[in-house]
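Before any comments, here is the structure.
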Amino acid sequence: MALRALAQKYGPAAVGTYAGVTTFFFTSIYATLSFGYDATPLVLGAVDAAAGIVDLRPWLADIGALDSGGAPTDKLRHGSTFVTTMIVTKLFVPVKLPLAAALTPRVARLMARWRGGPKAR
(Lines give C-alpha, C1' and ligand atoms only; values in the text may rest on other atoms or scores of the structure.)
Protein backbone atom coordinates (compact mmCIF):
# COMPACT_ATOMS: atom_id res chain seq x y z
CA MET A 1 0.00 0.00 0.00
CA ALA A 2 1.44 3.37 -1.00
CA LEU A 3 1.92 6.17 1.50
CA ARG A 4 -0.70 8.29 -0.29
CA ALA A 5 -3.32 5.53 0.05
CA LEU A 6 -2.44 5.11 3.72
CA ALA A 7 -2.74 8.85 4.30
CA GLN A 8 -6.14 8.93 2.62
CA LYS A 9 -7.43 6.04 4.69
CA TYR A 10 -5.86 6.80 8.08
CA GLY A 11 -4.98 10.51 7.88
CA PRO A 12 -2.47 11.85 10.39
CA ALA A 13 -1.89 8.40 11.88
CA ALA A 14 -0.30 7.22 8.61
CA VAL A 15 1.89 10.28 8.20
CA GLY A 16 2.95 10.17 11.84
CA THR A 17 3.71 6.46 11.69
CA TYR A 18 5.84 6.83 8.55
CA ALA A 19 7.64 9.81 10.11
CA GLY A 20 8.27 7.77 13.25
CA VAL A 21 9.60 4.78 11.31
CA THR A 22 11.85 7.07 9.24
CA THR A 23 13.13 8.80 12.38
CA PHE A 24 13.87 5.42 13.96
CA PHE A 25 15.80 4.27 10.88
CA PHE A 26 17.66 7.59 10.58
CA THR A 27 18.79 7.66 14.21
CA SER A 28 19.76 3.98 14.19
CA ILE A 29 21.80 4.37 11.01
CA TYR A 30 23.40 7.60 12.26
CA ALA A 31 24.43 5.93 15.52
CA THR A 32 25.79 2.93 13.63
CA LEU A 33 27.86 5.13 11.32
CA SER A 34 29.04 7.28 14.23
CA PHE A 35 30.42 4.19 15.93
CA GLY A 36 32.55 3.37 12.89
CA TYR A 37 30.54 1.17 10.51
CA ASP A 38 31.70 1.59 6.90
CA ALA A 39 28.63 1.98 4.66
CA THR A 40 30.69 2.17 1.45
CA PRO A 41 29.82 -1.38 0.26
CA LEU A 42 26.11 -0.72 0.82
CA VAL A 43 26.20 2.60 -1.07
CA LEU A 44 28.24 1.14 -3.95
CA GLY A 45 25.92 -1.89 -4.10
CA ALA A 46 22.94 0.43 -4.47
CA VAL A 47 24.77 2.40 -7.16
CA ASP A 48 25.48 -0.84 -9.05
CA ALA A 49 21.87 -1.97 -8.66
CA ALA A 50 20.62 1.34 -10.06
CA ALA A 51 22.99 1.11 -13.04
CA GLY A 52 20.20 -0.28 -15.22
CA ILE A 53 18.20 2.91 -14.66
CA VAL A 54 20.86 5.59 -14.27
CA ASP A 55 24.65 5.38 -14.02
CA LEU A 56 25.69 7.27 -10.90
CA ARG A 57 29.39 6.44 -11.09
CA PRO A 58 30.32 9.46 -13.30
CA TRP A 59 28.53 11.76 -10.86
CA LEU A 60 30.27 10.12 -7.89
CA ALA A 61 33.59 10.58 -9.68
CA ASP A 62 32.79 14.26 -10.36
CA ILE A 63 32.15 14.98 -6.69
CA GLY A 64 35.30 13.11 -5.66
CA ALA A 65 33.65 10.09 -4.06
CA LEU A 66 35.27 7.71 -6.58
CA ASP A 67 38.75 7.92 -8.07
CA SER A 68 39.47 7.57 -11.79
CA GLY A 69 39.59 3.78 -11.47
CA GLY A 70 36.16 3.63 -9.81
CA ALA A 71 37.47 2.84 -6.34
CA PRO A 72 35.95 4.67 -3.35
CA THR A 73 37.96 7.59 -2.00
CA ASP A 74 38.23 8.78 1.59
CA LYS A 75 35.52 11.31 0.81
CA LEU A 76 33.03 8.46 0.35
CA ARG A 77 34.43 6.34 3.17
CA HIS A 78 34.80 9.07 5.75
CA GLY A 79 32.54 11.79 4.41
CA SER A 80 29.74 13.49 6.21
CA THR A 81 27.99 11.06 8.54
CA PHE A 82 24.77 13.03 8.17
CA VAL A 83 24.76 12.86 4.36
CA THR A 84 25.69 9.18 4.36
CA THR A 85 22.88 8.54 6.83
CA MET A 86 20.42 10.32 4.54
CA ILE A 87 21.54 8.21 1.57
CA VAL A 88 21.34 4.93 3.46
CA THR A 89 17.95 5.88 4.96
CA LYS A 90 16.63 6.50 1.43
CA LEU A 91 17.87 3.05 0.43
CA PHE A 92 15.61 1.56 3.11
CA VAL A 93 12.34 2.96 1.68
CA PRO A 94 11.32 -0.53 0.45
CA VAL A 95 11.55 -1.68 4.07
CA LYS A 96 10.14 1.43 5.77
CA LEU A 97 6.94 1.69 3.73
CA PRO A 98 5.62 -1.86 4.38
CA LEU A 99 6.59 -1.52 8.04
CA ALA A 100 4.65 1.74 8.31
CA ALA A 101 1.71 0.17 6.47
CA ALA A 102 1.66 -2.69 8.97
CA LEU A 103 1.87 -0.38 12.00
CA THR A 104 -0.56 2.33 10.85
CA PRO A 105 -3.88 0.57 11.68
CA ARG A 106 -2.71 -0.07 15.24
CA VAL A 107 -1.50 3.51 15.63
CA ALA A 108 -4.84 4.81 14.28
CA ARG A 109 -6.76 2.68 16.80
CA LEU A 110 -4.50 3.86 19.61
CA MET A 111 -4.96 7.51 18.58
CA ALA A 112 -8.75 7.06 18.43
CA ARG A 113 -8.74 5.53 21.90
CA TRP A 114 -6.66 8.39 23.31
CA ARG A 115 -8.85 11.04 21.70
CA GLY A 116 -12.01 9.29 22.75
CA GLY A 117 -13.27 9.84 19.22
CA PRO A 118 -14.82 7.46 16.73
CA LYS A 119 -13.19 4.14 16.08
CA ALA A 120 -10.54 4.02 13.34
CA ARG A 121 -11.61 2.39 10.09
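The values are calculated or read from the model by the stated rules, or taken from the named source; none is laboratory data. These numbers come from a predicted model, not from an experiment. Backbone-built Cβ (ideal geometry, glycine too); neighbour counts: all protein chains shown. Heads up: the accessible areas ignore ligands, DNA and RNA and are worked out on the full protein's heavy atoms, side chains in. Shrake-Rupley method; radii C 1.70, N 1.55, O 1.52, S 1.80 Å.
Table: residues versus (1) open to solvent by less than 70 Å² (accessible area, probe 1.4 Å); (2) touching a residue at least 24 places away in the same chain (Cβ under 8 Å).
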{"site": "R4", "(1), (2)": "no, no"}
{"site": "P12", "(1), (2)": "no, yes"}
{"site": "Y37", "(1), (2)": "no, no"}
{"site": "V54", "(1), (2)": "no, no"}
{"site": "L66", "(1), (2)": "yes, no"}
{"site": "D74", "(1), (2)": "no, no"}
{"site": "H78", "(1), (2)": "no, no"}
{"site": "T85", "(1), (2)": "yes, yes"}
In segment 87-102, residues that are open to solvent by 50 Å² or more (accessible area, probe 1.4 Å), part of a helix (DSSP H, G or I) and either of a type in the set (K, R) or touching a helix residue (DSSP H, G or I) at 6+ places or on another chain (Cβ under 7 Å) (or both) total 4
With criteria (1) closer than 15 Å to L97 by Cβ; (2) among the hydrophobic types (A, V, I, L, M, F, W, C); (3) touching a Lys or Arg at 6+ places or on another chain (Cβ under 8 Å), I63 comes up short on (1)
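Which residue is nearest to F92 (Cα to Cα), if the candidates are limited to segment 26-35 and must be open to solvent by 30 Å² or more (accessible area, probe 1.4 Å) and assigned to a helix (DSSP H, G or I)? Lay out the reasoning, then the answer.
Restricting attention to segment 26-35, the residues satisfying the condition of being open to solvent by 30 Å² or more (accessible area, probe 1.4 Å) are 26-28, 30-32, 34-35.
Those left that are additionally assigned to a helix (DSSP H, G or I): 26-28, 30-32, 34.
On the way: F26: 10, T27: 13, S28: 12, Y30: 13, A31: 16, T32: 15, S34: 18 Å.
Looking at the filtered set, the residue picked out is F26.
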Got a number for residues in segment 106-120 being at pLDDT below 90 and either in contact with a strand residue (DSSP E or B) (Cβ under 9 Å, 6 or more places away or on another chain) or open to solvent by 70 Å² or more (accessible area, probe 1.4 Å) (or both)? 5
